[in-house]
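Working notes, beginning with the structure itself.
The values are calculated or read from the model by the stated rules, or taken from the named source; none is laboratory data. Keep in mind that what you see is a predicted model, and the values were worked out from it rather than measured. Virtual Cβ from ideal backbone geometry, glycine too; neighbours counted across all protein chains shown.
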Amino acid sequence: MGDAEIIPIGTRGRPGRGTGKQPSSAARQLAPGARKPRKVADPEDSTAHDAGAQDAGAHDTGAEDTGPEPVETPVEVAPAESPDPAAQPTQPVTRPVSQPRAVVRDRLPAGGIPAADLLAAFQTASREIFGDDWELQLARLLAFLRRRVTGDYEVDEYGFDAEITERFFMAALRPIAQRWFRIEVRGLENIPAEGGALVVSNHSGTVPVDGLMTMVTIHDHTGRFLRPLGADLVFRMPVVSTLARKGGTTLACSEDAERMLRQGELVGVWPEGFKGIGKPYKERYKLQRFGRGGFVSAALRTGVPIVPLSVVGAEEIYPLVGNLPSLARLLGVPYIPITPLFPLLGPLGLVPLPSKWLLEFGEPIRTDEYDEGAADDPMLVFNVTDQVRETIQQTLYSLLMQRQSVFR
């Protein structure tokens, strides 16, 4: 034991490093804030990795490290005799900050569907919806949008927009008329191909759906637009009034009716008004009073024919079994309907029943054979009004006898 070599603590197994006069490098590393910064190895630097592996191998084999000592960060350490290290100030420790190297990687191809596949899918979908002439349909749609944006379209003095009516209103009503109510039309030859005419029809259905169905039916079979005469309530409703104007409806007054008839328009009128659509289900297909005959006066002054129209099937879409008059007066409407499905089923009760409809246009009643002042004769106006009413009523009875069932 006397010949054993004494190795001071903290000398990493190397003799002669601990002299007792100053701490060794290993001891200096134990001072507060004097920890040697770790060297961040670059993952792409293979030489550093190989060198570290060789150094580890040398340490494992116990080989003596004869390489140069690593440079230590200078740290001022308090004297040993001072028990309080904070009593003497020390210099701040400067630590090297290693900046991470930018790693460049190959960019992966962008994900998603290629543009060619999207275009092919769009063409396939368009062909399924619009048919083989989908390009023509798309071009028409874009042209329509351009006209609407630039204001290159016509609206008459009553607010009627023929393009909107044909492309949207008629397109929306057509499936209801053809597939839901399955409307059968008779007597289309009685509608004049040109010139003014007055179509007079019975009114029913709790909601004036019969007027809309008459409009789309006449347009699809004759190509003419029916210009309805609407009540005041229609033009007091915020959204409905705008749609009604664009669809060709105008206020039910003699001045507007006569002016449109002189201009060669096909005008529609429902003389029963709200009394016709709001009558109980037990009084179905029984015509109410036709007002004062104002429509007859307009026809007599303009000399246009009167075409009576009888509609069967509209009475059954919303069978009216009750009414709430107090609530109707509070809301300012003619009536609040109660049907077997509304309001019991809520919004589902607003769906009309799919009854089978029959429309028959009667033989025109000529008015150009009367004298010029015939419109001012009350008795003549009453007789013509009663003639139109009786024609429609008798036709309704005839159609009801021919109908096999309400829904087919």
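Tabulated values for the structure
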| read-out | value |
| --- | --- |
| Condition met for residue 346 (farther than 23 Å from residue 187 by Cβ, at pLDDT below 95 and among the small types (Gly, Ala, Ser)) | yes |
| Test: residue in the stretch 319-326 that is crowded, with 21+ Cβ neighbours inside 10 Å, of a type outside the set (D, E, K, R) and outside any helix (DSSP H, G or I) | yes |
| The listed residue being of a type outside the set (Lys, Arg) and within 25 Å of residue 201 (Cα to Cα), out of 122, 168, 130 | 168 |
| Close pairs (8 angstrom Cβ cut-off, 6 or more residues apart or separate chains): part of a loop (DSSP other than H, G, I, E, B) in the stretch 118-135, surrounded by 11 or more Cβ atoms within 10 Å (Cβ to Cβ) anywhere | 131/137 |
| The lone exception for residue 401 - which of (1) assigned to a helix (DSSP H, G or I); (2) touching a residue at least 40 places away in the same chain (Cβ under 8 Å) it fails | (2) |
| Breaking point among (1) modelled with pLDDT of 95 or more; (2) buried (at least 17 other Cβ atoms within 10 Å of the Cβ); (3) more than 39 Å from the chain's Cα centre (by Cα); (4) not small (Gly, Ala, Ser), for residue 288 | (1) |
| Hits in the stretch 358-398 - residues which are free of Cβ contacts under 8 Å to residues at least 40 places away in the same chain and not in a helix (DSSP H, G or I) | 369, 371, 372, 373, 377 |
| Residue check, residue 301 touching a residue at least 12 places away in the same chain (Cβ under 8 Å), basic (Lys, Arg) and not in a loop (DSSP other than H, G, I, E, B) | yes |
| Leading residue by the ranking (farthest from residue 356 (Cα to Cα)) among those in the stretch 217-239 that are in contact with a strand residue (DSSP E or B) (Cβ under 9 Å, 6 or more places away or on another chain) and among the hydrophobic types (A, V, I, L, M, F, W, C) | 235 |
| Residue list for the stretch 244-270, restricted to those being surrounded by 15 or more Cβ atoms within 10 Å (Cβ to Cβ) and in a helix (DSSP H, G or I) | 244, 245, 246, 256, 257, 258, 259, 260, 261 |
| Qualifying positions in the stretch 116-150 - under 23 Å from the mean Cα position of the chain (by Cα), within 23 Å of residue 166 (Cα to Cα) and of a type in the set (Gly, Ala, Ser) | 126, 139, 143 |
| Neighbours by Cβ (under 6 Å, 6+ apart or cross-chain): first from the stretch 327-353, without any contact (Cβ under 8 Å) to a residue 60 or more places away in the chain and within 21 Å of residue 176 (Cβ to Cβ); second of a type in the set (A, V, I, L, M) and not in a helix (DSSP H, G or I) | 349/341; 353/317 |
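A quick yes/no check of all residues on (1) in contact with a helix residue (DSSP H, G or I) (Cβ under 6 Å, 6 or more places away or on another chain); (2) of a type in the set (Gly, Ala, Ser):
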residue	(1), (2)
125	no, yes
138	no, no
164	yes, no
170	yes, no
188	yes, no
193	no, yes
201	no, yes
210	yes, no
